[in-house]
Every structure is written in structure tokens, then in C-alpha cells.
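The values are calculated or read from the model by the stated rules, or taken from the named source; none is laboratory data. Note that the coordinates shown come from a computational prediction; the quantities given were computed from them, not determined experimentally. For neighbour counting, all protein chains shown are included, and Cβ atoms are generated from backbone atoms with ideal geometry for every residue, glycine included.
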């Protein structure tokens, strides 16, 4: 088995169906399996997909344990040489999966790989290629500092959208990694319920001497935000995830840690005022 595709579902049955159809259409020329783990959806309609996609392995969780824990649980059952973490609100758009696997096979220190994502309107999603958060780019991200088109920032504006290049961080919506490597580094950090875990695992791969790649020749449709309710719970989880990252990696630098934490809390306070 060359590839295991891992999808965590939560209340997005129709998007999940479209995602599975796109996999079935475009994932050819390699041996693969698909494992869908439902994270205790309040909408049970996903069960209707079990018969339609008999080749897919469906796992049902009795509680919502979060994105990281669900992926780790599913990957314990995976058989592929590579695992692909894939959001259910995404769709493949071409026959590129073999090219991506061949590319990964050709790299001696392969860590993780992400591809070019766009939304339903065709707008490029800049989180497809990113830097590890530091004091400069984090403040730019939090407070809307505009970067020059070809400058290196949190969003790697110095790398063309259709380029193939090494980057620090790619997105967990489409993250390819060797299963052996994933297990060796401990998988996703389960301290993160959701959000931030992709930055953490990419940083962990870098710290193990591996290289992450952005593969801009392939594109993915991502219905960004379709499965997310932007309420106070979302804010708590998002900014809480960023604080976990800071606590984990930046406490050794007191000044930087204090400045980043203060900026994060200020931005969180601002965002809370915008939600009724």
C-alpha cells in the first residue's frame, strides 16, 4: 500500500461526499486506501456514505476528541507508506497524486508536503505556504502588516504560487508525510484540539532535520470556512492553539515570548468585540 488518505469528518456530509468522489476520480496509478473518522458529528447523515463508498474504511468516534487525536487514532490503522491528512471540505482537481508521491520518493530528507489551495471563487489561499511564526511575521499576521509581494513573510510571498520549493510550514488541509516518519515524531500533538497542529508538526519535522515542500504545480479546491462557525468557541480554540505553540517553543526567550503573547492576547480581545 503506497498511500493512506486520512479524513476527519464533522458535520459536513455533502462536502465529504464530494471529496471522496474527487479521490475516486483522480487518485489513479498508485495503491491507496481511504480512512474516514467521524468525530461524533451531531448530523448522522454521514452514515449514508458507508454503502456508497464501500471501499472506504469508516470509523465512528463516540466523542469529539479534536482534530489531532482523531488523525492519530485513524493512522494507527493505516497501512500506507505515506499518509495524507486531508480535510473533508477539499476536492482533488487533477491526476497529480502519483507525481507528488514520486517527488517525495526522490527526496532523501523528505518531511512533509503541501500543495496550492484556492477557494470556491478561485482565490489563492496564502496558508498553502508559510513560515514558522516568529516575532516579526507574527505581528504582521496578527495586525495586518502588509508585506511586499516578493518579501519573505509569514505567508511566503517570495515563492510563486505555482512554484515547487522548500518551505517551513504547509497546511494540515493537505499534508503528505511518510507514515514511519509520522510515527517516529509522535504524530500530531494532541494538546491542540484544532488549529495550530499543522504548524507544530511542520516545525517538528524541521527540528528532526527534514525538509518540507510546497508543490505549487498541483492545486486543491478548499471550501475554506464552510465547516467552521466563527463564534467565541472558534476564537478560543484558534488563539488558544497559538498560545500552546508559544508556550511550547518560545518560553526560553523571555522577551520574544512576552511580546508575542501580549500581541496574541490583544488580537484575541479585539476579535471578541466583533462577535455578538
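Here are some notes:
- Residue among 16, 49 that is assigned by TED's automatic domain parsing to the domain that holds residue 175, touching a strand residue (DSSP E or B) at 6+ places or on another chain (Cβ under 8 Å) and surrounded by 21 or more Cβ atoms within 10 Å (Cβ to Cβ): 16
- Meets criteria (modelled with pLDDT under 90, over 27 Å from residue 18 (Cα atoms) and either in contact with a strand residue (DSSP E or B) (Cβ under 6 Å, 6 or more places away or on another chain) or assigned by TED's automatic domain parsing to the domain that holds residue 86 (or both)) for residue 191: yes
- All conditions but one from (1) at pLDDT 95 or above; (2) surrounded by fewer than 21 Cβ atoms within 10 Å (Cβ to Cβ); (3) within 23 Å of the chain's Cα centre (by Cα) apply to residue 40; the one that does not is (1).
- Per the listing 113, 125, the residue uniquely in the same structural domain as residue 23 (by TED's automatic domain parsing), over 18 Å from residue 195 (Cβ atoms) and under 13 Å from the mean Cα position of the chain (by Cα) is 113.
- Taking the numbered list (1) touching a residue at least 24 places away in the same chain (Cβ under 8 Å); (2) under 17 Å from residue 35 (Cβ atoms) in turn, residue 96 passes all entries but (2).
- Checking residue 64 against (1) at pLDDT 95 or above; (2) within 20 Å of the chain's Cα centre (by Cα), the condition it does not meet: (1)
- Taking the range 194-223 as the range and being part of a loop (DSSP other than H, G, I, E, B), touching a helix residue (DSSP H, G or I) at 6+ places or on another chain (Cβ under 9 Å) and surrounded by fewer than 19 Cβ atoms within 10 Å (Cβ to Cβ) as the test, the residues that pass are 208, 223.
- The combined condition, being part of a loop (DSSP other than H, G, I, E, B), modelled with pLDDT of 95 or more and over 20 Å from the mean Cα position of the chain (by Cα), is fulfilled by residue 54.
- So residue 139, is it surrounded by 15 or more Cβ atoms within 10 Å (Cβ to Cβ), at pLDDT 95 or above and either touching a helix residue (DSSP H, G or I) at 6+ places or on another chain (Cβ under 6 Å) or farther than 24 Å from residue 223 by Cα (or both): no
- Any hit, the range 239-252, residues being modelled with pLDDT under 75 and either more than 18 Å from residue 132 (Cβ to Cβ) or in contact with a helix residue (DSSP H, G or I) (Cβ under 6 Å, 6 or more places away or on another chain) (or both): yes
- Selection within the range 77-98 - in a loop (DSSP other than H, G, I, E, B) and in contact with a helix residue (DSSP H, G or I) (Cβ under 9 Å, 6 or more places away or on another chain): 78, 79, 80, 81, 87, 88, 89, 93, 94, 95, 96
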